[in-house]
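This report refers to the structure that appears directly beneath it.
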Amino acid sequence: MKILVADDTEEIVELLAVYLTNEGYVPVKASNGEEALAKFYADKDIALIVLDIMMPDIDGMHVIKEIRKSSNIPVIFLTAKNEDMDKIKGLVAGADDYVTKPFNGLEIMARIKTILKRTNQKQEVEEVGELVVGSLTINKDSHTVVTDSGENIQLTALEFGILYLLATNLGKVFSAEEIFEKVWRQENVVSAKTVMVHVSHLRDKILDATNGEKVIQTVWGVGYKIDNH
């Protein structure tokens with residue numbers, strides 16, 4: 001399985017390449033944003049991208065915006081900054097996770113394995129092939145969401161997971177912690193703000209594609225749900 005690593009610091013790229021190789025992955029190395037995009041478009045077998053945010057010329061934010069135009073491939077951001085807003089901006093841009101420098105190599109390998117397992121995992125909350133919620137048709141097998149007008153809404157793996165969880169449990173309210181546990185499939189505690197960012201981004205995509213249909217409801221102080229339509 002190929003993993004693209006893009007960072008303008010050669011030592012970081014080489015270090016991650018060693019860890020990836022030791023875990024049985026094939027590292028694809030890039031030293032800047034332009035090279036990262038070129039290698040991503042040239043190699044359809046890349047399964048995940050580890051992407052530095054702060055790169056000269058074309059930074060990580062620009063790279064992921066370009067990638068998200070055509071692909072929902074998992075992306076982990078590397079960031080040298082520790083402020084919450086930088087992490088939130090990365091998630092809003094479409095990243096699945098982030099790791100703050102300096103990082104522990106074993107930790108980032110664990111993050112990679114978790115995301116790949118979640119992305120490839122076929123079993124969800126329950127075995128339902130296709131759901132219709134409002135004007136949306138949600139197909140579990142193809143991981144697609146299509147509107148009545150035929151527009152395909154491009155969602156990340158996490159966004160689809162959140163929508164599928166709520167759509168298969170109509171009327172049930174899920175807290176941010178429950179959503180994290182069931183969609184992220186990790187036991188460690190995450191800030192509710194992280195889940196909120198993903199829900200907000202998902203909701204915006206649905207609103208844009210459906211001309212304002214409010215599919216996901218917020219139950220203030222409790223969590224999120226999708227009502228029976």
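Computed from the coordinates by the stated procedures, all read-outs in this text should not be read as laboratory data. No experiment lies behind these values; they were computed from the predicted model shown. Cβ sites come from the backbone with ideal geometry, for glycine too, and all protein chains shown count toward neighbours.
Summing -39500 (n - 2.57) over the DSSP H runs of n ≥ 4 in the chain and dividing by its residue number, what mean residue ellipticity at 222 nm do you reach, to the nearest 500 deg cm²/dmol?
-12000 deg cm²/dmol
How much net charge surrounds Lys172 when only other residues with a Cβ under 12 Å from its Cβ are counted (Lys, Arg +1; Asp, Glu -1)? Spell out each step's value before the answer.
Details: positive: Lys182, Lys225; negative: Glu178, Asp227.
Computed value for this residue: 0.
Can you put Ser70, Ser31 in order, fewest other beta carbons within 10 Å first?
Ser70, Ser31
Which one, (i) 32; (ii) 22; (iii) 41, gives percent of Cα pairs over 31 Å apart as derived from the coordinates shown?
Looking at percent of Cα pairs over 31 Å apart for this model, the match is (ii).
What percentages, rounded to whole numbers, describe P(r) for region 2-120 computed over all alpha carbon pairs with 5 Å bin width beginning at zero?
2, 12, 25, 28, 22, 9, 1
How high is the relative contact order of the chain, given as a whole-number percent (alpha carbon pairs under 8 Å, six or more residues apart)?
14 percent
When only alpha-carbon atoms are used, what values of Rg and Dmax, in angstrom, describe region 130-225?
12.8, 40
Given H placed 1.01 Å from N in the peptide plane, which residues other than close sequence neighbours of Val28 have an amide H under 5 Å from its amide H?
Under 5 Å from the amide H of Val28 lie the amide H atoms of Ile3, Leu4, Val5, each far enough along the sequence or on another chain.
Under 23 Å from the Cα of Lys193, which lysines turn up, not counting those fewer than eight places away in the same chain?
Lys65, Lys81, Lys87, Lys89, Lys101, Lys172, Lys182, Lys205, Lys214, Lys225
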